[in-house]
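What follows is a single structure, written as structure tokens, with notes after it.
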Amino acid sequence: MKLAKKITPLILLLSIFFLPFFVRATDFTSPGFIIRDPVIKLGAGFSTSSGFQLWSSIGQEVIGISSGTTFILQSGFLYFPLPTTTTAQPVNLPPPSAGGGLPPSLLKKIVLSSDFNNDGHVDLIDLSIILYFYGQNGRKIARYDLNGDGTVNFIDVSILFYYWTG
Amino acid sequence: MKKLFYAIISLFLFSGLVSAAGPAIYFKTDVSNLAPSSEFELSIFLNSKEEVNVFNLEINYPPDTLKFLGGNNSGSIVDVWQKPPTVLLDGEVSLIGGTLKPFHGENGLIVKLKFQTLKTGEVFFTLTNGKIYLANGLGTVIKAPESFYSINVTSEAPVVTLSPILDSTPPMLNAEIVTTPIEAGKILVFNSEDKESGTDYSTMRFKRWFSWSDSQQIINPAPLPAHAWQLEIKTVNNAGLETNETLYLWEEILKKIGLLLLVLLGMILIFRVAPMGYNKYKRK
């Protein structure tokens, strides 16, 4: 009984500290692919070019098999058993909307917010339009005032860059 | 029929004239003959009679003869860069940016590109893709005419190096945390500027708990690292002077304090209350 008295607090303490180890990661999904058990590496960044946008993670992203109709990504840590499936050769690229696990509806909303000429892209034309209204305020520029602070300023241009699709 | 023919010809001629009078890009260097292992800057200028505010340029250079070292934006008319001068493919530099105030006039410096000569030969710089956007609120694009420039790299010429940039003023840095309008995420927005020597690069490091992360190079805007409560942003100019700014994420600080309090409370409960309950149970 004495032993039980000593052990009970220890078990409770250990259960609190080890609880996070049983938490499972949420899968990333998009119409083009699913990433199982993602592990986001620390120091993730945002990379962008006229051709692509990497919204979140870098380095080792998954500890399982990520597959889609066009590819299979096999990776893992040392304890992961060697996958037996053969590597599929990509036949075409994933759809442009596939990215970072953001739901397509949200992606569409994001693009619409900064796509001033409604061509489906946030690009140089939209940059030229927002810069034209730079420094202005009032009702007529509400469409370009992306953070809603009443003025088209550097923050709005930065938000447009954040949503850049090229 | 003849009239229609002349009308079409006139239209072509007229459009040609418009294009010729439109914005143009040209190049310039301080030296035209230099030896291998030299360093030089290629200045890229914009001439425009119409008001313009955005450009997208692709410039080719021979990668076997030249090594791209980076850009220098001192004295530039450009206020916002979508990304710093970047090598897209080997031998192709991409420049995308804009001006907060519409630009019109001559000799508007866009950027100076730094190169190192690797071997002898004639070096050609070519503007392969030049799109200039009119500041008219519509984003009208005008194609800039192709532009060429050449220099000679010969072993007879002197070795030239870039003189160190003298600047005693550190760069200006303004940074803040902004909420994105759609997904209500937090991003870091920063504006760095140095009129004298130009900004070289910016970095960010952060604290999730007690220790600093490694510094990572960033461009505006930058996503915030998850669960970070303190950020330190640093901008370095081309003279090596730096400016730092520290930002705190109060939401995350409160969360961390709450979590620590919870753990503390849990430990108190475990070490104080649990034995009491056990004794009560034993007495029964």
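Some points to look at:
- Scan of region B:74-97 for residues that are in contact with a Gly (Cβ under 6 Å, 6 or more places away or on another chain) and of a type in the set (A, V, I, L, M, F, W, C), ordered by number: B:Ile77, B:Val78, B:Val80, B:Trp81
- Residue in region B:142-152 that is within 12 Å of chain A (Cβ to nearest Cβ) and touching an Asp or Glu at 6+ places or on another chain (Cβ under 6 Å) present: no
- Scan of region B:227-261 for residues that are of a type in the set (Gly, Ala, Ser) and farther than 15 Å from B:Pro170 by Cβ, ordered by number: B:Ala228, B:Gly258
- The listed residue being farther than 26 Å from B:Gly198 by Cα and touching a helix residue (DSSP H, G or I) at 6+ places or on another chain (Cβ under 8 Å), out of B:Lys119, B:Lys131, B:Lys143: B:Lys143
- Within region B:149-223, strands (runs of 3 or more DSSP E) holding 2 or more residues that are aromatic (Phe, Trp, Tyr) and surrounded by fewer than 15 Cβ atoms within 10 Å (Cβ to Cβ): none
- Test for B:Leu95: is it within 14 Å of chain A (Cβ to nearest Cβ), surrounded by fewer than 22 Cβ atoms within 10 Å (Cβ to Cβ), farther than 17 Å from B:Asn237 by Cβ and of a type outside the set (Gly, Ala, Ser): no
- Candidates B:Val111, B:Val123, B:Val78, filtered to the one that is within 12 Å of chain A (Cβ to nearest Cβ) and touching a Ser or Thr at 6+ places or on another chain (Cβ under 8 Å): B:Val78
- Boolean, B:Tyr248 is more than 14 Å from chain A (Cβ to nearest Cβ) and among the hydroxyl-bearing types (Ser, Thr, Tyr): yes
- When the test is whether a residue is crowded, with 17+ Cβ neighbours inside 10 Å, without any contact (Cβ under 8 Å) to a residue 40 or more places away in the chain and within 18 Å of B:Thr126 (Cα to Cα), B:Pro63 does not pass it.
- Some residue of region B:106-115 being surrounded by 15 or more Cβ atoms within 10 Å (Cβ to Cβ), part of a loop (DSSP other than H, G, I, E, B) and outside the structural domain of B:Asp194 (by TED's automatic domain parsing): no
- Checking A:Thr70, A:Thr85 one by one, the residue that is farther than 30 Å from B:Phe103 by Cα, surrounded by fewer than 20 Cβ atoms within 10 Å (Cβ to Cβ) and either among the charged types (D, E, K, R) or at pLDDT below 60 (or both) is A:Thr85 and no other.
- Test for B:Leu95: is it over 13 Å from the mean Cα position of the chain (by Cα) and not basic (Lys, Arg): no
The values are calculated or read from the model by the stated rules, or taken from the named source; none is laboratory data. As the structure is a computational prediction, the values presented were derived from the model and not from experiment. All Cβ positions, glycine included, derive from the backbone under ideal geometry; neighbour counts span all protein chains shown.
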